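Reading through the structure tokens given below for one structure.
Each reported figure results from applying straightforward, stated rules to the coordinates on display, with no laboratory input. Note that the coordinates shown come from a computational prediction; the quantities given were computed from them, not determined experimentally. When we count neighbours, we look across all protein chains shown, and the Cβ atoms used for this are built from the backbone with ideal geometry, even at glycine.
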């Protein structure tokens, strides 16, 4: 029963982007295209999953007063792993996402789930929570990226649909990111409710 | 049983977690090291081939030197051109690195942006702007006739609309690439 609730929370009712509004900095910065949004979302999902598993496993061994530095070390380790693997096998993607991969360390969703969920729940539930909170983040980023790419560049996942036209540049730039984010948040919250 | 926040426990737990993390990262770094340098080399190699058109008739390429110059030779061993990697810190987003193809007469024959942090939709257009048809095209310009400059500064290159700073940086990089080329063939 609890598992189903965790899945629903991560994807919809406690969605980190639409409902909790956490991690908006990488959200706005990396959603210039659907592929970028999706990749950022999946990279964060991996980190969330792994850090939740390990923090849940180690929770009784970490004294309360040093839990934050301990969590950050664990999170940073997995972020560096993602970074190295991406650099090795997906160099193009690594270049586009650039700085935002190392910044997953300070993404408040990751530390937030560690603090509010993984440090209080068992490994199975923590893993599930990490996976579905991550996927909730990933689908939100993909949707924002999809809309911004469509309006801003006239392409869908990199495939041009309106030949020759340039699209509305505004939507690729930060102001368009805020506008899309706001409108989509309103629509999605209406739909989730 | 939750570990108490005694000095000994705090010290031990942080030390052990950090040590394990460091060891894990060392292993992953070791495992990906060769793939990372391979990916970098492959990218540079592809860029060299991209900026040197087949019409130059080169047969062999010299290995990349420290200064980022790859010389192209024809069948007789004469230098027919070079792919030169140069960069500038004056782009709109800072660092801008470009692979520039130059033939033996100092004519710009191609370029490829290697690293840039220019504005998407504006400065990032530099990837195509200077090599597609139109006033902005710099392919075929003779670098030995003098430095490239944007038309705003009295030069012959039409800047990307809205991205004069990127365009200036682009010219600067191409000019420094030509200097490197001259130094290399001298």
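Could you list A:92, B:158, B:103 in order of exposure, starting from the residue whose Cβ has the fewest other Cβ atoms within 10 Å? Walk me through the numbers before you get to the answer.
On the way: A:92 10, B:158 17, B:103 23.
Fewest to most other Cβ atoms nearby, the residues stand as A:92, B:158, B:103.
Using the Cα atoms of chain B, I'd like the radius of gyration and the largest Cα-Cα distance, Dmax, both in angstrom.
Rg and Dmax of chain B, Cα atoms, are 23.0, 79 Å.
What is the fewest-to-most order of A:56, B:167 by other Cβ atoms lying within 10 Å of their Cβ?
Exposure proxy ranking, most exposed first: A:56, B:167.
Given R₀ = 45 Å, what would the calculated FRET efficiency be for residue A:73 paired with residue B:43, taking r from the Cβ atoms and rounding to 0.05?
So, using R0 = 45 Å, E works out to roughly 0.90.
Just to verify a number: FRET efficiency for residue B:11 and residue B:35, C-beta to C-beta distance, R0 = 41 Å, to 0.05?
Working from the Cβ atoms, E equals 0.65.
Going by C-beta contacts inside 10 Å, put A:148, A:189, A:67, B:168 in order with the fewest on the left. Don't skip to the end; give the middle numbers.
Values: A:148 29, A:189 13, A:67 19, B:168 22.
Listed from fewest to most nearby Cβ atoms, that is A:189, A:67, B:168, A:148.
Running a GNM on chain A with Cα contacts under 10 Å, which residue among A:105, A:21, A:66 ends up with the highest mean-square fluctuation?
A:66
Among A:161, A:144, A:104, whose mean-square fluctuation peaks in a Gaussian network model of chain A (Cα, cutoff 10 Å)?
Sorting by GNM fluctuation, first place goes to A:161.
Would you tell me the mean number of C-beta atoms belonging to other protein chains that fall within 10 Å of each C-beta in B:27-33, as a whole number?
4
Restricting things to alpha carbons, tell me how big the protein assembly as shown is in terms of Rg and Dmax, in Å.
Considering the protein assembly as shown through its Cα atoms, Rg and Dmax are 25.2, 79 Å.
Taking R0 as 56 Å, what's the FRET efficiency between residue A:57 and residue B:54 from their Cβ-Cβ distance, rounded to 0.05?
Calculated value: 0.45.
As a check on your grasp of the helix formula, calculate [θ] at 222 nm for the protein assembly as shown: sum -39500 (n - 2.57) over DSSP H runs of n ≥ 4, divide by the residue count, round to the nearest 500.
So the calculated ellipticity at 222 nm is -17500 deg cm²/dmol.
For chain A, what is the relative contact order in percent, using Cα pairs closer than 8 Å and at least 6 residues apart in sequence?
Reported as a whole number, the value is 37 percent.
In whole angstrom, note down how far apart the Cα centers of region A:58-109 and region A:147-193 are.
28
With N set to the residue count of region A:53-174, report its C-alpha Rg divided by 2.2 N^0.38 Å to two decimal places.
Taking the Cα Rg and dividing by 2.2 N^0.38 Å, one obtains 1.35.
What residue among B:11, B:130, B:170 shows peak mean-square fluctuation when chain B is described by a Gaussian network model with Cα springs under 10 Å?
Evaluated over chain B, the most mobile residue of the options is B:11.
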